Amino acid sequence: MPDIRFRLNGVETTVDADPDRSLLDVLRAELGLAGPHFGCGASECGACHVLLGDRAVTSCDTPLWSVADKDITTIEGLGNAERPHPLQRAFIAEQAMQCGYCVAGILISAAALLKQNPAPDEAAVRAALDRNLCRCGSHNRMVRAVLRAADEMAAP
């Protein structure tokens, strides 16, 4: 098997794995990351979203070979307890999560949106989060949190 190299959360990473394995499987099983979750396995729920460059992609159906020499960011690379990303702070402030299963993917989708559109309106946020399923019904709080984060990131 050939080594696959990519940048994971800003760190050069090499994986010796079947290039046809899903990125999600490699992130969780080989690299020990718990942020991206397995939800549906069919690219329908968003629980496995990661940033591929500046785009949110489903890692459950992204083959490892396709990320060679690319930048991957998981929720672990977005921010941490000492230096949370503005989205993470806003989700806490708005109490925009309940069970938490979908939140990592939703935060990744929101981060992709804010990279492409730093000043989204409510409709743009809803459209960006449309591919993410949340069974807890926290959508309205999540939308408020993304708008709050956008405001914080725009402030001087």
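Limited to the range 90-112, what total is found for residues that are more than 11 Å from the chain's Cα centre (by Cα) and buried (at least 16 other Cβ atoms within 10 Å of the Cβ)?
Of the residues in that region, 6 qualify.
Just wondering, is there one or more residues in the range 74-83 that are surrounded by 14 or more Cβ atoms within 10 Å (Cβ to Cβ), over 26 Å from ARG144 (Cα atoms) and in contact (Cβ under 8 Å) with a residue 60 or more places away in the chain?
Filtering the range 74-83 for residues surrounded by 14 or more Cβ atoms within 10 Å (Cβ to Cβ) gives 74-79.
Next cut, over 26 Å from ARG144 (Cα atoms) only: none.
Taking every residue of the range 74-83 in turn, none turns out to be surrounded by 14 or more Cβ atoms within 10 Å (Cβ to Cβ), over 26 Å from ARG144 (Cα atoms) and in contact (Cβ under 8 Å) with a residue 60 or more places away in the chain.
The conditions are (1) buried (at least 22 other Cβ atoms within 10 Å of the Cβ); (2) not assigned by TED's automatic domain parsing to the domain that holds ASN140, and LEU52 fails exactly one of them. Which is it?
The one condition LEU52 does not meet is (1).
Cβ-Cβ under 6 Å, sequence separation 6+ or interchain: first residue in the range 5-21 and touching a residue at least 12 places away in the same chain (Cβ under 8 Å), partner of a type in the set (Lys, Arg). Which pairs?
Pairs found: PHE6/LYS70.
For the range 113-150, which positions are under 15 Å from the mean Cα position of the chain (by Cα) and either surrounded by fewer than 15 Cβ atoms within 10 Å (Cβ to Cβ) or assigned to a helix (DSSP H, G or I) (or both)?
Narrowing the range 113-150 to residues under 15 Å from the mean Cα position of the chain (by Cα): 113-116, 125, 128-134, 142, 146.
Within the range 113-150, LEU113, LEU114, LYS115, GLN116, VAL125, ALA128, ASP130, MET142, VAL146 meet the criteria.
Do we find that GLU94 is over 26 Å from LEU33 (Cβ atoms) and either of a type in the set (Asp, Glu) or in contact with a Lys or Arg (Cβ under 8 Å, 6 or more places away or on another chain) (or both) in this structure? It would help to see each step written out before you state the result.
Values: over 26 Å from LEU33 (Cβ atoms): no; either of a type in the set (Asp, Glu) or in contact with a Lys or Arg (Cβ under 8 Å, 6 or more places away or on another chain) (or both): yes.
No: the conditions fail for GLU94.
The values are calculated or read from the model by the stated rules, or taken from the named source; none is laboratory data. The structure presented is a predicted model; accordingly, all values stated were derived computationally and were not measured. Glycine also receives a Cβ, built like all others from the backbone with ideal geometry; neighbour counts cover every protein chain displayed.
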